[in-house]
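Working notes, structure below.
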There are 2 protein chains.
Amino acid sequence: MNKNPFLEYISKFITLTPKEETILLSKIVQRNYLKDQYIVQQGDVCKTANFIISGCTKTYYIDLEGQEHIVMFSIEDWWSSDLGSFITQTPADFNVQCLENTKLIQFNYENLEELYKEIPKLERLFRKIVERAYVASQKRIIRNFSLPAKERYKIFNATYPKINQRVPQYLIASYLGITKEFLSKIKNQLVSK
Amino acid sequence: MNKNPFLEYISKFITLTPKEETILLSKIVQRNYLKDQYIVQQGDVCKTANFIISGCTKTYYIDLEGQEHIVMFSIEDWWSSDLGSFITQTPADFNVQCLENTKLIQFNYENLEELYKEIPKLERLFRKIVERAYVASQKRIIRNFSLPAKERYKIFNATYPKINQRVPQYLIASYLGITKEFLSKIKNQLVSK
DNA sequence: AGTAAATATTAATCTAGTTTAACATTATTT
DNA sequence: AAATAATGTTAAACTAGATTAATATTTACT
């Protein structure tokens, strides 16, 4: 029905007047990134909240041993930034990098603060979005503790089949908290059964 | 300065007029639970958001093998409920049980929805609270993957010294995702070094 | 089409953390 | 004060998953 995929998405949470939509659109920017480009780099302050129109990103953390740990993947209709860095405007713990050419809508930090003043309803929108994200994050912690890797992989596959198809397996292994070798073994076991 | 510890807490995020404070206070209930009492039970719909005035709770999940997994501990000035159940009003995945006699402020689901209408500023309050909780949750996932148990325990101890003193070690082990026996070994190693 | 780079598999060896089980200590109740 | 329940420790045997290293396979580039 709706023109803009972002307005479409928003309409699941709140209803904006045409005037509010205009204000909102005036304060956001659409931007294209190429595969492998960084949206956020560890150590930089994350200045934007990013809504993905198309494409795919990985959010990851490089530990003291130089190892990469995937925090999340993001695809169409989801968000992608270092929220901790964004809300506190302090250096990012995470990197966000494009796994595909990616088109996204960006909220600049200052613009978003202004938007909250102009359209208080947006507080509700983001409250609801973050609530959901938080709940998913808690459930992931529990899964990591209470299920063996094979089960976690099956759930990942069932929950995000699109991501599983688009993303290399060594990154999925990292997301699941296991090595690529062990994921390979698990997949073998699942097939040969 | 402030009379009520909950209003005190809120004032860190938003400023309410005296009138708004009155409305808010009229829609919340203070309640006392005894040690071991349940605030939420797995399978029930969580009807309240609970802010702890004093005391301590554990939020946990019983897995298919009957094993308990600690999701979080909550003490004074923090929240304690199954947020997933609360926001969707569907059966809870988690139990919330008091580890001490606990005094808390309860927001009933319907009351909170009304409050959001009457005091839209509260959307901002809860947006900010959940943002912080989400960020902490993401960081916990990363720590669980990138650090060995001994480091996780040290960080837990440094971050929540109060909780570490008040809560039995087998529950802390569960929170860290390890067995009580292994935590005992770790503590021994830390002392004897 | 041919080569290099990126991704995936396999298998042997190793280790962080589990399991089991027995015992020690600390609280709580009567 | 004794008895019981709850919590904590120790140690041996075990396992899920890591590490290392060699080899395949797929993808992208010239």
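Bear in mind that the values in this text are calculations on the coordinates, not laboratory data. Remember, it's a predicted structure, so these values are computed and weren't measured experimentally. Neighbour counts are summed over all protein chains in view; Cβ atoms, including those assigned to glycine, are modelled from backbone coordinates with ideal geometry.
Annotations
- A simple spin-label model places pseudo-atoms 7 Å from Cα toward Cβ; at residue A:8 and residue B:76 they are separated by 5.1 nm.
- Taken about its Cα centre, the protein assembly as shown carries a charge dipole of about 700 debye when Lys and Arg each add +1 at the Cβ and Asp and Glu each add -1 at the Cβ.
- Here residue A:160 and residue A:15 are evaluated by their C-beta separation; at R0 = 30 Å the FRET efficiency comes out at 0.55.
- Stretchable slack from residue B:23 to residue B:45, in nm (0.36 nm times residue separation minus alpha-carbon distance): 5.3 nm
- Exam field: residue B:45 pseudo-label spacings to other copies (7 Å along Cα-Cβ), nanometres: 4.4
- Legend: mean number of C-beta atoms from other chains within 10 angstrom of residue C-beta atoms, peptide B:142-148, equals 6.
- Measuring between alpha carbons in the structure, the pairs from B:12/B:121; B:47/B:121; A:162/A:187; A:128/B:162; A:3/A:27 lying more than 20 angstrom apart are B:47/B:121; A:128/B:162.
- With the convex hull of the Cα atoms taken as the outline of chain A, the averaged projected area works out to 12.2 nm².
- If you take the Cα centroid of region B:151-193 and the Cα centroid of region A:5-61, the two points sit 40 Å apart.
- Look at the stretch A:84-94: the mean tally of other chain Cβ atoms within 10 Å of its residues' Cβ atoms is 2.
- Estimated FRET transfer efficiency (residue B:88, residue A:180; beta-carbon r; R0 35 Å; 0.05): 0.50
- Listed by chain and number, the lysines whose C-alpha is less than 17 Å from the C-alpha of residue B:180, apart from same-chain residues fewer than 8 away, are B:58, B:150, B:154.
- Here residue A:147 yields copy-to-copy label distances, from shortest upward, of 2.6 nm, the label point defined as 7 Å from Cα along Cα to C-beta.
- Principal axis extents of the Cα atoms in region B:17-119, from largest to smallest and rounded to whole angstrom, are 51, 27, 16.
- Placing +1 on the Cβ of every Lys and Arg and -1 on the Cβ of every Asp and Glu, with no other charges, gives region B:1-142 a dipole of roughly 560 debye about its Cα centre.
- Label spacing, shortest first and in nm, from residue B:23 to its equivalents in the remaining copies (7 angstrom along Cα→Cβ): 1.9
- When its C-alpha radius of gyration is set against 2.2 N^0.38 Å (N residues), the protein assembly as shown gives a value of 1.03.
- About its Cα centre, region B:65-109 has a charge dipole of approximately 200 debye under the convention of +1 per Lys or Arg Cβ and -1 per Asp or Glu Cβ, with nothing else charged.
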